[in-house]
Amino acid sequence: MGPNKRNLKVQRREDFEFRPRDLVANIAQIYLNLGEEEIEGAPSSPEGGEGAQGGAFCLAVAGDSRSYSHDLFVEAEAVMAKINEPPAKIAQWNRLADAIRVSLCIYVYICLFFYFFCKTACQTAS
């Protein structure tokens, strides 16, 4: 997935046991397992779960600017639907994506708070 996904060509996939569908499903399952406790109480909805709560895992994913993009989560949802993942798993994926978005807002707020706190502290110290 991502902007360069069409550039990845694997000849003789069976030699490398390269199965993109399984890869997406397995990575999604790893994320769901790691974020399970953080989204456990979030009710499901067709839009992806209102009341999603982020915790340490969601905050870590949201704070990883090298690899986190909400667009990739949306794209992964589309791929999961295309490869016939169960609707319950897709709904759980959406709740996780929502929890990570909430965590991203919290992460940005914390960064801004410390920036302004340190800036003010430095100005009053000088």
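Rundown of residues vs (1) hydrophobic (A, V, I, L, M, F, W, C); (2) in a helix (DSSP H, G or I); (3) touching a Pro at 6+ places or on another chain (Cβ under 6 Å); (4) closer than 24 Å to L23 by Cβ, yes/no style:
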site	(1), (2), (3), (4)
D71	no, yes, no, yes
A78	yes, yes, no, yes
R95	no, yes, no, yes
I100	yes, yes, no, yes
C111	yes, yes, no, no
T120	no, yes, no, no
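Here is a yes/no grid of residues against (1) among the small types (G, A, S); (2) modelled with pLDDT of 75 or more; (3) under 21 Å from L104 (Cα atoms):
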position: K5; (1), (2), (3): no, no, no
position: E17; (1), (2), (3): no, yes, no
position: N26; (1), (2), (3): no, yes, no
position: E37; (1), (2), (3): no, yes, yes
position: A42; (1), (2), (3): yes, no, yes
position: F73; (1), (2), (3): no, yes, yes
position: E77; (1), (2), (3): no, yes, yes
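Look at the stretch 70-81 and say how many of its residues are surrounded by 14 or more Cβ atoms within 10 Å (Cβ to Cβ) and either in contact (Cβ under 8 Å) with a residue 40 or more places away in the chain or in contact with a Leu (Cβ under 9 Å, 6 or more places away or on another chain) (or both).
Number of matching residues: 6.
Sort out which residues of the stretch 87-96 are surrounded by fewer than 24 Cβ atoms within 10 Å (Cβ to Cβ) and among the aliphatic types (A, V, I, L, M), and write them in order of number.
Once the filter is applied, which keeps residues that are surrounded by fewer than 24 Cβ atoms within 10 Å (Cβ to Cβ) and among the aliphatic types (A, V, I, L, M), the stretch 87-96 yields A88, I90, A91.
Yes or no: N84 surrounded by fewer than 12 Cβ atoms within 10 Å (Cβ to Cβ), at pLDDT 75 or above and either among the basic types (K, R) or not in a helix (DSSP H, G or I) (or both)?
yes
The values are calculated or read from the model by the stated rules, or taken from the named source; none is laboratory data. Fair warning: this is a prediction, and the values are worked out from it, not measured in the lab. All Cβ positions, glycine included, derive from the backbone under ideal geometry; neighbour counts span all protein chains shown.
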